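Shown next, in structure tokens, is the structure this report addresses.
The values are calculated or read from the model by the stated rules, or taken from the named source; none is laboratory data. Since the model is a prediction, treat every value here as computed from it, not as a measurement. Backbone-built Cβ (ideal geometry, glycine too); neighbour counts: all protein chains shown. Surface areas here come from the heavy atoms of the whole protein model, side chains and all, with no ligands, DNA or RNA. Shrake-Rupley method; radii C 1.70, N 1.55, O 1.52, S 1.80 Å.
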Amino acid sequence: MKMKKLLSAVLSAALLLTGAGVPRIQAQAQEQVQQTADGLSASEKYVAAMGTGWNLGNSFDGVDTDLNAEDKGETAWGNPVVTRELIHAVKEKGYQSIRIPLTLHHRFTSENGTYTIDPKWLERYKEVVDWAVEEGLYVMVNIHHDSWIWLKEWDGSKASEEYVKFTQLWEQLAAYLADEPAQVCFETINEPQFTERENVTDQQRLDSLNQAAYDIIRKSGGNNAQRMIVMPTMNTNHADEKVQGLLTFMQGLHDPNLIATVHYYSEWVYSANLGITEFDEALGDDGNTPRKAADQLFAILTDTFIQNDFGVVIGEYGLLGYDAGENCLQQGEEMKYYEYMGAKAAAQDGICLMFWDNGSGIDRNDTGYAWKKPLVGTMLETSAVQRSSYATGLDTLYFK
């Protein structure tokens with residue numbers, strides 16, 4: 001396991017000891033990026049220090065796509081205003097990193113081909129980023145639902161509105177956050193997807209967007225010249241052609257401060273309980289199971305990225321039936337998944353798991369920020385640091 005837990009513990013302790021001394025945090029985190037040791041690349045070492053992460057989902061990424069409607073900001077999708085206490089609770093639950101999705105649609109104005117982000121929206125977003133930094137958390141900044149709201153229609157031309165808009169938004173975001181410490185990383189775009197076009201492939205368009213964001217970030221001053229940049233596969237999928245496409249692009253940049261990202265919600269029929277209930281139940285005639293599928297995921301990520309010195313953030317993971325009510329998933333079988341994913345990530349340096357929480361995980365309306373499903377929450381916290389259990393066959397919970 002190399003030194004994954006030791007590195008995380010040492011860096012976390014250093015961050016906490018600094019208190020409000022953000023410049024010292026910045027210097028230590030920057031040193032973390034620059035140095036390599038024990039066979040870990042700079043990228044793997046950074047991801048190892050990210051430990052286990054949590055998503056502040058359906059807050060800054062929530063948006064009403066009707067531009068004629070009032071923008072309700074971070075409360076648009078039903079979650080309360082984010083508090084400093086929530087961010088502290090995330091740290092107290094053992095998380096070492098936080099992904100803060102950000103949707104810019106409805107939050108910028110357009111005039112004569114110039115797109116300007118609402119400065120108050122940027123200020124509020126930075127406030128929450130800074131709360132996380134002060135807690136000693138690694139932070140992943142991310143442009144989110146813009147990917148499917150408007151960017152998916154891009155035709156591949158750099159003269160097109162979508163490309164101009166994307167580049168201008170990144171210019172403003174990168175400049176505004178340029179002085180954030182190195183523990184803040186930038187993810188270029190969430191779940192890239194495109195409408196089919198005859199003269200350009202999806203991968204070509206993704207490469208162009210990643211290149212544009214990369215160039216903008218690196219030239220935008222402050223700490224951005226060395227900042228870790230996180231790049232997604234097409235659709236954030238881990239299929240072979242998707243990961244190979246991203247690997248080829250990243251290798252062409254000759255930059256050690258890059259991280260790959262994918263998302264993982266297990267196999268559809270198990271994840272949403274569409275006829276497959278058990279974690280070790282065969283999905284088809286080939287004998288594949290949700291557990292074996294998880295093994296395949298980590299093998300692909302290791303063989304593709306880790307072996308080529310790129311760390312990997314599984315920027316979202318969970319199960320699709322998680323927020324569909326208590327009766328959707330068989331809870332014992334659900335907990336096997338979380339336990340096993342934690343064990344797989346712990347066994348491989350340079351892979352960080354980030355739980356997707358859209359408000360159905362941590363109760364953001366509870367002053368104590370307890371888990372809405374205490375058993376699942378306990379499993380998520382425990383599996384981040386140790387193996388809690390192992391079972392094969394149906395694991396059923398009985399209640400009086």
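Figure note: Glu316, Glu111, Glu171 ranked by solvent-accessible area, largest first, 1.4 Å probe, ligands and nucleic acids not counted: Glu111, Glu171, Glu316. Hey, what number do you get for the chain at 222 nm if only DSSP H runs of n ≥ 4 count, each worth -39500 (n - 2.57), divided across all residues, to the nearest 500? Value at 222 nm, helices only: -12000 deg cm²/dmol. Of the solvent-accessible surface of segment 230-352, computed with a 1.4 Å probe over protein heavy atoms with every protein chain present, carbon and sulfur atoms account for 47 percent. Accessible area per residue for the chain, computed on protein heavy atoms with a 1.4 Å probe, is 41 Å². Near the amide H of Trp54, within less than 5 Å, lie the amide hydrogens of Ser97, Ile98, Arg99, Phe355, all on another chain or at least 5 residues away, with H placed in the peptide plane.
Mind pulling the angle between the C-alpha long axis of helix 202-218 and the longest principal axis of the chain? Nearest 10 degrees, somewhere in 0 to 90. The two axes meet at around 60 degrees.
Relative to the first principal axis of the alpha-carbon coordinates of the chain, what is the inclination of helix 290-304, with its axis defined by its Cα atoms, in degrees from 0 to 90 and to the nearest 10? Taking Cα atoms only, the helix is inclined about 40 degrees.
The three principal axes of the C-alpha atoms in the chain carry coordinate ranges of 64, 52, 43 Å, sorted with the longest axis first. If one takes the longest principal axis of the Cα atoms in the chain, at what angle in degrees, from 0 to 90 and to the nearest 10, does the Cα axis of helix 374-383 lie? Between helix and principal axis, roughly 80 degrees. When Lys93, Lys344 are compared by accessible area of protein heavy atoms, the largest-first order is Lys344, Lys93, using a 1.4 Å probe. So for segment 220-362, taking the charge dipole from beta-carbon charges (+1 Lys/Arg, -1 Asp/Glu), which of Gly342, Phe355, Gln307 sits furthest toward the positive end? Selected residue: Gln307. Heavy-atom accessible area for Asp179, with the other protein chains in place and a 1.4 Å probe, reaches approximately 120 Å². Solvent-accessible surface (1.4 Å probe) assigned to Ser360 amounts to roughly 30 Å². Computed about its Cα centre, the charge dipole of the chain is approximately 1120 debye, with only Lys, Arg, Asp and Glu carrying charge at their Cβ.
If only the Cβ of Lys and Arg carry +1 and only the Cβ of Asp and Glu carry -1, the dipole of segment 246-380 around its Cα centre is close to 260 debye. The heavy atoms of Ser208 offer some 40 square angstrom of accessible surface to a 1.4 angstrom probe.
Among Tyr95, Trp121, Ser160, which residue has its Cα furthest toward the positive end of the charge dipole of the chain, with +1 on Lys/Arg Cβ and -1 on Asp/Glu Cβ? Sorting the options by dipole projection puts first Tyr95. Lys-Lys pairs in segment 29-187 that are eight or more residues apart or on separate chains and whose Cα atoms lie under 28 Å of each other come to 16.
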